[in-house]
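Comments concern the structure below.
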Amino acid sequence: MKAGYACQSPEHTLARRQFLGSVAGGFVVGGLGALTNPAAAAALERKQMRVLVMFMSGGLSQLESWDPKPKTDTGGPFRSIPTAVPGTHISELLPQTAVHMDKLALIRSIDTKNGDHGKGRYQMTFGRNQMPGVAYPHLGAVCAKGLERADNPLPGHIKIGGGARGTDSAYLGPKYASIGIDGKPPANSMRASNLTEDVDILRNKFRQKANERFAQLRRTAETDVYTQSFEQARQLMERRDVFDVEKEPGSEKERYGDSQLGKHCLMARRLLENGIPFVQVSHSNYDTHNENFNFHLEQLGEFDRAFSALVGDLHERGMLETTLVVVMSEFGRTPKINARYGRDHWGKAWSVCVGGAKIQPGAIIGATNANGTEVSERSVEHGDLFHTYLSAVGMESSGSFDIGGRDMPVADPSRGPISELIS
Amino acid sequence: MHASVRSVRHRLLLVVFVTATTCTVYGDEPLHYRIDQAFYATAVGPVAEKADDLIFARRAYLDLIGRIPAIDEVRAYLVRPEENRRTELIDQLLASEEVSGHLATTFDVMLMERRGGKHVKSEEFRAWLKASFDQNKPFHQLAAELISADTSDASRPSAAFLLERDVEPNLLTREIARMFFGMDLQCAQCHDHPNVDDYKQEDYYGLYSFVSRSSLFQPDKKKPAVIAEAADGQSPFKSVFTSREAFTSPRMPGEVEVTEPVFEAGDEYKTRPAKTVASVPMYSRRAKLAEFVAGGSNHYFRRNIANRLWAMMMGRGLVHPVDMHHSMNPPSHPELMTLLADEFAATNFEVKPFLRELALTDVYQRSHQFTQPANIEVNNLAATIEQLQQQRTTANDLTLQKEDEAQAALEKLDAALATAEPQRAALAKVRAVATAAAKKRDDAVTAQQAKKSALGARQAFAAVVKETLDRTSAAADLLASPRDLAETVAILKTRDAGNTAELQKLQQALDAAVKASAAANEVLTSARAADTTARDKYTPLQPPLRQHRAAMVKAFKESQQAYILVTHREHEVEYLRNLIRQAEAAAKLPTTQTVAAAIEQQYSVAVQTVATSEMQMADAAKTMTEAATKKATASETVTKLTLAKQQQQQANKALAAALQNATAAASALQDQAVAGMATELEKTAARVTARIGETSSQLDVATTEMETAGQTVADMQARADAAKRQADVARQQAAEADKKRTELQTTVATLMTTKSEAEASVIDQSTQQFHLATVECLTPEQLTWSILQASGQTERQVITELAKLNKEKPLTEEQKSDAAALAQRQTDAEAAAVVSLTKTVAGFVKLFAAEQGQPQDDFFATVDQALLFANGSQMRSWLSPSGDNLTGRLLKLETSDQIADELYLSTLVRKPTTDEIQDVSQYLAARGDRKNEAVQELAWALVTSSEFRFQY
């Protein structure tokens, strides 16, 4: 069953009476979604898993990065270099990343059949094809909810570089929408200068007493959630430094490189260290219709330094086994080099780099033909990748969220994870 | 809320169920009365008491005009006579300026789910809605206008419903089904709904066909988009699961297919499609849908809107979620749902009078407080359950029967579809040919007209040339020196000759065009004839199709209605079982607790006994040890003395022998010395004998001592053994008691869990059945307007706007003394304040509302919202004392009683309790001379409290 139905319902065998039996009379308390499979939820309790997405905006060339084809008609001027994994070569533009390839894996057989930026971005970060009038949650929202920790007051879905709250959580609700962080603590996270902590505690006690009185008459899940949000706000205020990248020593900044990306990667490390389940860093701009090679030389130089420092740090701090790292784009770039030394949009045969969490280190999934114009084995698409990411952090990707009594599949039920990549 | 009001009383209603099929005649009572009657007719279990006057007022303000009342409004309300207070308030609010604005906001959010701004600004759509509510436009008319909207300037705002969804037919189908028919048919796009038997792909495409020919048309991106509609386009569909293929004409949910007019190929358009022109068909399917909606007779349409209005007032729908009307999700009160739907339609779908009736019901005015009923008569409930289950069985039988009928009709329909398919395909083919021929004919006619007008123009030109030539020639003839004109005449002659040739050419072209046109016409005529022939073959096949489909839809609808009763009765049984479970647990709990207490007592007695026995054992052991020591010592002494006695006796024997010898010797020898010695011996023997006596008595003493100690040891052993036995028995008793105790503890815990779970379920179910008012969050708009109102920011804005107006357009002296002019000025200022504060509200909505296109009734409390409340500068500035705003007023008050009163009335719309007054007083005292800050902190704490955040 491979069609992308709007309802995404995998099995359609439930008869009316069976269904009714399963909901015991049908009184369903709605509003607050939860993982419907308690076993899956319990499994996640064990470790705080995290996801880091490096989004190479514009479309990273697979030929200048993960799947080089030197000395072919499509290969371009750069060589390929050996990596920490014997037999695995990547582009010479990523020398420092090559050192860490024993911790990472490559998927070289992606066919998303799309060359549009907006659609590609949607495919890769929402795990499905965009359909009019149907909204699905972003990977970050799914992770923020699926990997949520009740005791962590920090927001679960962060986009570094943005500003306000995003609209990307669909039916999961604003709680899981992305929060844009630009290196400063979130808005309103600082107590007003004319309010002392003692007085703040005092007024909050008065508020809590009022809440308790109200709760004595009638208490609901919603009134609880409301009162808890203030407690979370208080905890976040105490930890607002987490968001302040200026707290990092100068030597660290030097190691990550004096670029915006370097700063953002350092920021990402801080956030992941503090147990935030999903962090996305973007790097712009790889849309190289002109001068593909010069642009990649420059951009990947920045990326190689920051990314390798980050992967190295995650590894050294023992966080890589609980942190999935993904380097993705909206699509790849054409093997054919155009008249302006550029490469154009290409969704037919391209690559993504993953690593950490339950990803098999050093694995290579799939391949393209000799000059990279076609996938030659193990063709996968964005839906499979989405399942793979979730599986890599221990989520049941074929499970559902219970949204007000309706089951919403976590990922496209017509696809599944690349199971050989998951340990 | 006064303590007295908060005390809770409950009625326990145990009413025998009215069978669902029985129709109760209520007569000409007002609707609110009939609603309550319908409610009480089936109410079983505890029903909450009427909410107090101030809770009612807060509720009514929020529901009818979207904000809490100002303190002046609260005080004015409280001085009204109690008996009419509520009715008067409802009427006052429904007549106020604010009601239409609030309804516009509510309907905008409901219909658009925060979509807007792509093609039509949200404020324009809201203004259109507000104007509609000001005119009391009936809802079916409003809905019809939304569906039929064209994009002329006048109706552009109402086109927002279509335009903001990019006139995308699948999206429109889903949304029209959800918003106007209460059904989320999304899954039915690709197949019958997997979990909801009622939602059929047939229904989806029936609706889809109404809108599938419409599309967004925007040839020039700089100009506003418009809506085009094609005259053709069928919507065949195929299930991705069963591969069933079918097609349908437009069909309203639960109704028969539309019969559509047939136009000859080429005559279908009012405005033919062209590159820059939006096409308009002669027959618009979308307009047809609007016409049906405007008719207001559709079963689902009526129920949907009545239920949504109910949900608006009551916090949840009789059917909930409101877009899930289907038989597995029955209304909480099927009879009431029908009553509401019929009555709303009967009163011409007028929203405000309907809201008035809802607000007047007991259901609306019920408290949100719940106390478990003291006693529930389980036997009566059991009987009711029995009755409900019988009703369920009957309804289920009917469902199955109707499902079979529907299935049979479906099979017939599919057979008829298969039979008709060749004719239908043939017709479609022929029709396509005819349409192409019509286009060719039209093109030919256009070409012919172009040729004709070219010829006409040339003919006119030629005539002018000819006439000029004639006149010039005549003039030349008359003139003396014709040479002057010769050149002109020559030119004219050349032109004339040229014209003749050109006219000939044009005439030929026209002739050709006429011919082509005639030929095209001929082609068209024969194509049309073929079309007619094909149609004549197909037409007779249609009635059976329609008939089978109608039979199927009817049977499905009947099975659905029967099944509503099945699921409804199941829900009722579930509820009653919970009541029983709760009652039984509540009844069992005290006796079990008493038994548990007794066992607890036994256990502790046994434990005590064990302790005592063990102590006795220890005592005995100690005594026994001492006695044993004594016995040992005595025994040693006895041994020693016995030995001494033996020695003494032997000595005595020896002495006696010696004495005898000595005595014999002395008498034989008459030896004086020997006799003296014998005397000595005799003396010695007497001394030894005496010593033996001493030793013997010592021995006796020691022996007695030894025997006594031995006895003590034996005694103590016996005593210890007895104590041990006693301890063993007690220990066993304790263990048994402990086991029982643990069992009972578990039993009590289970009972308490059962009871509290049942209680929680009963509360949920009571809320779902409107026995108890819901507790729902305020919408983002209600929340923000209420904060603005409570803090006094609204009033401050009005004062600002008034000053602005008075500066820009000062009132004349005459106007200043004219009450009407002053009132008008005030109204203008209030309107201006609403406009400027609407921007503030929009800022809050961004943070507090769900994403666009998502359901807007879920509650979210996020950290960023709490941070805004805690530290946002806006909130701080609203709550800082200024003039007569809330904190400004609080600051001016003297006593903490006064402050508490003003504070609670302004924010929570109620009077503070004694405890709360005391808390305020303590807070103020704690803050000493920082009263300025203290009042801000208090106001902040109440505005951010859950009581403020929720509607209850």
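Readers should treat all values here as calculations from the given coordinates under stated rules, not as data from a laboratory. None of these values were measured; they are calculated from a predicted model. Using ideal geometry, Cβ is built from the backbone for each residue, glycine included, and neighbour counts are taken over all protein chains shown.
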Legend entry - Charge dipole (debye, nearest 20) of the range B:589-761; +1 at Cβ of Lys and Arg, -1 at Cβ of Asp and Glu: 340 debye
Inset, instruction - Name the residues whose placed amide hydrogens come within less than 5 Å of the amide hydrogen of A:Thr368, ignoring near sequence neighbours (fewer than 5 apart) on the same chain. - result: A:Ser376
Legend entry - Packing-based exposure ordering (other Cβ within 10 Å, fewest first) of B:His326, A:His138, B:His299: B:His299, B:His326, A:His138
Inset, instruction - Please count, across the range B:589-761, the pairs of lysine residues with Cα atoms under 21 Å apart that sit 8 or more places apart or on different chains. - result: 10
Legend entry - Shielding by partners, peptide B:906-919 (average Cβ within 10 angstrom, other chains): 1
Inset, instruction - Give the residue from B:Gln815, B:Gly266, B:Leu886 lying farthest towards the positive end of the charge dipole for chain B; charges sit on Cβ (+1 for Lys and Arg, -1 for Asp and Glu) and the dipole is referred to the Cα centre. - result: B:Gly266
Inset, instruction - Rounded to whole Hz and in sequence order, give me ³J(HN,Hα) for the range B:942-952 from the Karplus expression 6.51 cos²θ - 1.76 cosθ + 1.60, θ = phi - 60°, writing x for Gly and Pro. - result: 7, 5, 9, 6, 5, 4, 6, 6, 10, 9, 9
Inset, instruction - In Å and from the alpha-carbon atoms only, list the Rg and Dmax of chain B. - result: 53.0, 245
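Is it possible to state the helix-based mean residue ellipticity at 222 nm for chain B, with each DSSP H run of 4+ residues giving -39500 (n - 2.57), the sum divided by total residues, to the nearest 500 deg cm²/dmol? What is it? Intermediate results must be reported in sequence, preceding the final value.
Values: 30 runs with 671 residues, N = 952.
Using -39500 (n - 2.57) per qualifying helix, the result is -24500 deg cm²/dmol.
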Inset, instruction - Give me A:Lys69, B:Lys739, B:Lys223 ranked fewest to most by other Cβ atoms within 10 Å of their Cβ, as a rough exposure proxy. - result: B:Lys223, B:Lys739, A:Lys69
Inset, instruction - Return the lysines within reach of A:Lys103: Cα separation strictly under 20 angstrom, same-chain partners fewer than 8 residues apart disregarded; answer none if there are no such residues. - result: A:Lys47, A:Lys358
Legend entry - Summed residue charge, Cβ within 15 Å of B:Ala154's Cβ, Lys/Arg positive, Asp/Glu negative: -2
Inset, instruction - Determine the shielding of peptide A:257-263 by partner chains: average, over its residues, the number of Cβ atoms on other chains within 10 angstrom of each Cβ. - result: 0
Inset, instruction - For the range A:190-243, just the Cα set please: Rg and Dmax, both in angstrom. - result: 13.2, 40
Inset, instruction - Kindly write out, for the range B:836-850 in residue order, the coupling ³J(HN,Hα) from the Karplus curve 6.51 cos²θ - 1.76 cosθ + 1.60 (θ = phi - 60°), rounded to whole Hz, with x marking Gly and Pro. - result: 6, 6, 4, 5, 4, 4, 4, x, 5, 4, 3, 8, 9, 9, 6
Legend entry - Spatial extent of the range A:268-388: Rg and Dmax, with the Cα atoms as the point set, Å: 16.1, 48
Legend entry - Percent RCO, i.e. relative contact order, over chain B, from Cα pairs under 8 Å lying at least 6 residues apart: 15 percent
Inset, instruction - Express in whole angstrom the spacing between the alpha-carbon centres of the range B:799-815 and the range B:609-641. - result: 113 Å
Legend entry - Rounded Å value of the spacing that divides the Cα centres of the range B:513-566 and the range B:741-775: 59 Å
Inset, instruction - Treat the count of other C-beta atoms within 10 Å as a stand-in for reagent exposure and order A:Phe331, B:Phe948 from fewest to most. - result: B:Phe948, A:Phe331
Inset, instruction - For the range B:57-163, just say rounded, prolate or oblate: build the C-alpha gyration tensor, square-root its eigenvalues into a ≥ b ≥ c, call rounded for a/c under 1.5, and beyond that prolate if a/b exceeds b/c, oblate if not. - result: prolate
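Mind putting a number on the dipole of the protein assembly as shown about its Cα centre? Charges go on the C-beta only, +1 for Lys and Arg and -1 for Asp and Glu, and I need it in Debye to the nearest 20. Before the final figure, lay out the partial values.
Numbers: 157 positive and 173 negative charges, 461 e Å.
Dipole about the Cα centre, nearest 20: 2220 debye.
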Inset, instruction - Determine the relative contact order of the range B:589-761: mean sequence separation of Cα pairs under 8 Å and six or more apart, normalised by residue count, in whole percent. - result: 48 percent
Inset, instruction - Positive end of the charge dipole of chain B (Lys, Arg +1 and Asp, Glu -1 on Cβ, about the Cα centre): tell me which of B:Ser877, B:Ala416, B:Ile491 has its Cα farthest that way. - result: B:Ile491
Legend entry - Simple spin-label estimate for B:Gln650 and B:Glu291 in nanometres, 7 Å along Cα-Cβ: 15.0 nm
Inset, instruction - With +1 on each Lys and Arg Cβ and -1 on each Asp and Glu Cβ, and nothing else charged, work out how big the dipole of the range B:310-358 is about its Cα centre, in Debye to the nearest 20. - result: 180 debye
Inset, instruction - Specify whether the C-alpha gyration tensor of the range B:589-761 places it in the rounded, prolate or oblate class, a ≥ b ≥ c being the square roots of the eigenvalues: rounded for a/c under 1.5, otherwise prolate if a/b is larger than b/c and oblate if not. - result: prolate
Legend entry - Ratio of Rg to Rh over the range A:74-217 (Cα coordinates, Kirkwood Rh, two decimals): 1.15
Inset, instruction - Tabulate in residue order the Karplus-calculated ³J(HN,Hα) for the range B:732-747, using 6.51 cos²θ - 1.76 cosθ + 1.60 with θ = phi - 60°, rounded to whole Hz; enter x for Gly and Pro. - result: 5, 4, 5, 4, 4, 4, 5, 4, 4, 4, 4, 4, 5, 4, 4, 4
Inset, instruction - Could you tally the net charge around B:Arg458, taking each other residue with its Cβ under 13 Å from the Cβ of B:Arg458, Lys/Arg +1 and Asp/Glu -1? - result: +3
Inset, instruction - May I ask for the percentage of alpha-carbon pairs in the range B:581-628 that lie more than 12 Å from each other? - result: 72 percent
Inset, instruction - Please name whichever of B:Leu751, B:Ala685, B:Ser635 sits farthest to the positive end of the charge dipole of the range B:589-761, dipole taken about the Cα centre and charges placed at Cβ: Lys and Arg +1, Asp and Glu -1. - result: B:Ala685
Inset, instruction - Calculate how steeply helix B:98-112 sits against the longest principal axis of the alpha-carbon atoms of chain B, using the helix alpha-carbon long axis, and give the answer as 0 to 90 degrees to the nearest 10. - result: 90 degrees
Inset, instruction - Rank-order B:568-580, B:378-390 by packing density, defined as the average count of other C-beta atoms within 10 Å over each peptide's residues, highest first. - result: B:568-580, B:378-390
Inset, instruction - Sort out for me the Cα centre separation of the range B:845-877 from the range B:53-82, rounded to whole Å. - result: 26 Å
Inset, instruction - Collect residues whose amide H, placed 1.01 Å from N in the peptide plane, falls under 5 Å from the amide H of A:Ile403; neighbours closer than 5 in sequence don't count. - result: A:Met408
Inset, instruction - For A:Gly355, list long-range residues whose amide hydrogen, built 1.01 Å from N in the peptide plane, is under 5 Å from its own amide hydrogen. - result: A:Ala105, A:Val325
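If you take the square roots of the eigenvalues of the alpha-carbon gyration tensor of the protein assembly as shown and sort them as a ≥ b ≥ c, do you get rounded (a/c under 1.5), prolate (a/b over b/c) or oblate?
Details: a/c = 2.43, a/b = 2.01, b/c = 1.20.
Prolate shape, in that a/c is at least 1.5 and a/b is the bigger ratio.
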Legend entry - Net charge over other residues, Cβ less than 9 angstrom from the Cβ of B:Ile35 (K, R count +1; D, E count -1): -3
Inset, instruction - Given a cut-off of 25 Å, name the pairs among B:Lys118/B:Lys846; B:Lys439/B:Lys515; B:Lys200/B:Lys352 whose C-alpha atoms lie farther apart than that in the structure shown. - result: B:Lys200/B:Lys352
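Considering every residue in B:161-169, what mean count of other chain Cβ atoms within 10 Å of its Cβ is obtained? Could you put the intermediate results ahead of the total?
Numbers: counts 0, 0, 0, 0, 2, 2, 0, 3, 1.
Taking all residues of B:161-169 together, the mean is 1.
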